[in-house]
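Colleague: Okay, here's the structure, questions in a sec.
The values are calculated or read from the model by the stated rules, or taken from the named source; none is laboratory data. As the structure is a prediction and not an experimental result, all values here were calculated from the model. Here Cβ is always computed from backbone atoms with ideal geometry, including for glycine, and neighbour counts include all displayed protein chains. Note: accessible area is taken over every heavy atom of the protein model, side chains too, but ligands, DNA and RNA are not part of it. Shrake-Rupley method; radii C 1.70, N 1.55, O 1.52, S 1.80 Å.
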Amino acid sequence: ADDAAALLRALDVPAAHVTGFPVGSVIAQELALRHPGLVRSLVLVSTWARADAYFRAAVKFWRWLPEAAPSERAFLEAFYLWIYTPRAHADGTVEKILEEVLAFPHQPSAEAIQRSIDAFLAHDTVGRLSQVTVPALVLAGGLDMITPPRYGRVVADAIPGARFEILAEEAHQPFQEVPGLFNAKVDAFWRAVEARGL
């Protein structure tokens with residue numbers, strides 16, 4: 001969050017509409033809390049405020065999975081069960097994404113993945129989100145197994161005036177599976193914020 005604030009200041013951006021998914025959503029929460037003057041609005045996608053027992057159990061599994069999987073492909077195939085809808089597995093979307101990811105030359109190390117997971121577990125804004133004063137939209141996928149809608153509901157309920165929407169037939173990455181629907185939701189929110197002169 002502090003790095004994002006430093007970048008906005010270096011670019012002379014007085015305040016920005018900030019969208020984050022999913023670790024980006026917790027960074028966005030911290031940005032709004034630590035540097036409120038730099039944030040005009042928030043869109044938080046597949047977000048959470050604090051790890052509960054289910055989330056902790058899931059991410060502990062992901063923590064050892066990169067080291068235990070017999071190959072990078074096997075790791076991704078297992079991990080993508082949590083990420084994408086059954087529809088995306090059936091229609092070939094997941095296989096296409098898998099091939100693109102495997103072809104990317106800059107793969108994260110197991111250690112980097114594990115450090116990220118440690119940060120997921122440490123995140124806790126439950127007691128501070130009421131301090132967020134900008135308009136906020138929280139989007140959750142109804143089929144999201146990683147950050148089910150109940151997590152987004154906690155975030156939206158804690159931020160004064162936040163809107164909460166469930167994309168009932170979507171999973172963890174709706175912007176990737178249904179970009180038209182996702183973009184329309186975010187664009188409508190931003191236009192409403194702009195219309196209010198915020």
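Colleague: Would you mind stating whether Arg153 is of a type in the set (D, E, K, R), touching a Phe, Trp or Tyr at 6+ places or on another chain (Cβ under 7 Å) and open to solvent by 70 Å² or more (accessible area, probe 1.4 Å)?
Modeller: yes
Colleague: Sticking with this structure for a sec: Could you list all residues from the range 161-184 that are open to solvent by less than 80 Å² (accessible area, probe 1.4 Å) and under 26 Å from Arg128 (Cβ atoms)?
Modeller: Within the range 161-184, Gly161, Ala162, Phe164, Glu165, His172 meet the criteria.
Colleague: Assess whether Ile117 counts as being surrounded by 13 or more Cβ atoms within 10 Å (Cβ to Cβ), of a type in the set (A, V, I, L, M, F, W, C) and under 24 Å from Arg73 (Cα atoms).
Modeller: Yes; evaluated as a whole, the condition is true for this residue.
Colleague: Let me ask another. Residues Ser109, Ser130: which one is polar (S, T, N, Q) and farther than 30 Å from Glu194 by Cβ?
Modeller: Answer to the check: Ser109.
Colleague: For Glu67, work out the one condition from (1) touching a Ser or Thr at 6+ places or on another chain (Cβ under 9 Å); (2) without any contact (Cβ under 8 Å) to a residue 60 or more places away in the chain it doesn't fulfil.
Modeller: Failed condition: (1).
Colleague: Still on this structure, I have one more. Tally up the residues in the range 58-72 that are in contact with a helix residue (DSSP H, G or I) (Cβ under 7 Å, 6 or more places away or on another chain) and assigned to a helix (DSSP H, G or I), please.
Modeller: Selection size over the range 58-72: 7.
Colleague: Just one of Phe55, Phe75, Phe79 is under 15 Å from the mean Cα position of the chain (by Cα) and assigned to a helix (DSSP H, G or I); which is it? Steps first, please.
Modeller: Numbers: Phe75 fails: under 15 Å from the mean Cα position of the chain (by Cα); Phe79 fails: under 15 Å from the mean Cα position of the chain (by Cα).
When all the criteria are applied, what remains is Phe55.
Colleague: For the subset of the range 163-198 comprising residues that are without any contact (Cβ under 8 Å) to a residue 60 or more places away in the chain and not in a helix (DSSP H, G or I), which member is nearest to Lys96 (Cα to Cα)?
Modeller: Val178
Colleague: Asp3 versus (1) surrounded by 14 or more Cβ atoms within 10 Å (Cβ to Cβ); (2) modelled with pLDDT of 95 or more; (3) of a type outside the set (Phe, Trp, Tyr): which is the lone unmet condition?
Modeller: If we test Asp3 against (1) surrounded by 14 or more Cβ atoms within 10 Å (Cβ to Cβ); (2) modelled with pLDDT of 95 or more; (3) of a type outside the set (Phe, Trp, Tyr), just (1) comes out false.
Colleague: Please find, within the range 87-102, the residue that is farthest from Ala68 (Cα to Cα) out of those that are open to solvent by less than 80 Å² (accessible area, probe 1.4 Å) and free of Cβ contacts under 8 Å to residues at least 24 places away in the same chain.
Modeller: Quick first cut of the range 87-102, residues open to solvent by less than 80 Å² (accessible area, probe 1.4 Å) only: 88-89, 92-94, 97-98, 101-102.
Pick out the ones that are also free of Cβ contacts under 8 Å to residues at least 24 places away in the same chain and you get 89, 92, 94.
Details: His89: 23, Gly92: 26, Val94: 22 Å.
In this case the residue turns out to be Gly92.
Colleague: Just to be sure I understand, how many residues within the range 7-52 are of a type in the set (A, V, I, L, M, F, W, C), assigned to a helix (DSSP H, G or I) and either at pLDDT below 95 or open to solvent by 20 Å² or more (accessible area, probe 1.4 Å) (or both)? Give the derivation first.
Modeller: So the first thing to find is which residues in the range 7-52 are of a type in the set (A, V, I, L, M, F, W, C), and the list is 7-8, 10-11, 13, 15-16, 18, 21, 23, 26-28, 31-33, 38-39, 42-45, 48-49, 51.
Cutting the leftovers down to assigned to a helix (DSSP H, G or I) gives us 7-8, 10, 23, 26-28, 31-33, 38.
From what's left, either at pLDDT below 95 or open to solvent by 20 Å² or more (accessible area, probe 1.4 Å) (or both): 7-8, 10, 23, 27, 33.
Summing the residues that are of a type in the set (A, V, I, L, M, F, W, C), assigned to a helix (DSSP H, G or I) and either at pLDDT below 95 or open to solvent by 20 Å² or more (accessible area, probe 1.4 Å) (or both) in the range 7-52 gives 6.
Colleague: Also, I was wondering about something else. Taking the condition in contact (Cβ under 8 Å) with a residue 40 or more places away in the chain and not in a helix (DSSP H, G or I), does His106 pass? If you could, list the steps in order and put the result at the bottom.
Modeller: Numbers: in contact (Cβ under 8 Å) with a residue 40 or more places away in the chain: no; not in a helix (DSSP H, G or I): yes.
Considered against the rule, which asks whether it is in contact (Cβ under 8 Å) with a residue 40 or more places away in the chain and not in a helix (DSSP H, G or I), His106 comes out as no.
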